Amino acid sequence: MIKEEVKALLEEYLDAPEAWSDHVMIEVDPKTLDCRLYDEDDTDVEESEKDYWEVMDLLSMSIDDPGKWEIDPDALDELAASYQYQ
């Protein structure tokens, strides 16, 4: 299921955010629902057949641990809902 795959990718990002650029995205192939962290600048995401979601749009600042990012469950649900009928 795409929600679990994306959550695992976000956890991978959160484990080592310094390894990624500031504009890292989740790339989703809408035909296969394959997902990966995408950190390349040479692709025109507007012209691509794949979907791209900004990682930072899927995270929120922790209330319990200020300065720490955590997965935003509402944003993750929104992403998953976009592929519900595929």
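Projected label points at Trp20 and Asp74, each 7 Å from Cα along the beta carbon direction, are separated by 2.1 nanometres. When only Cα pairs below 8 angstrom with a gap of at least 6 residues are kept, the chain shows a relative contact order of 30 percent. The amide H of Leu59, built 1.01 Å from its N in the peptide plane, has Asp72 as neighbours under 5 Å, considering only residues 5 or more places off or on other chains.
Return the carbon/sulfur percentage of the accessible area of the chain, one whole number, probe 1.4 Å, all protein chains in place. That fraction is 46 percent. Of all lysines in the structure, the ones whose alpha carbon falls short of 18 Å from that of Lys31, not counting any fewer than 8 places away in one chain, are Lys3, Lys50.
Note the angle between two axes, namely the Cα long axis of helix 2-15 and the longest principal axis of the Cα atoms of the chain, as a number of degrees from 0 to 90, rounded to the nearest 10. Roughly 40 degrees between the two axes. Solvent exposure of the chain, expressed per residue, is 68 Å² of accessible area, with all protein chains present and a 1.4 angstrom probe.
The values are calculated or read from the model by the stated rules, or taken from the named source; none is laboratory data. Note that this is a predicted model, so its numbers are computed, not measured. Cβ coordinates were reconstructed from backbone atoms using ideal geometry, including for glycine residues, and neighbour counts include every protein chain displayed. The protein model used for the area step is the full one, side chains on, heavy atoms only, and it has no ligands, DNA or RNA in it. Shrake-Rupley method; radii C 1.70, N 1.55, O 1.52, S 1.80 Å.
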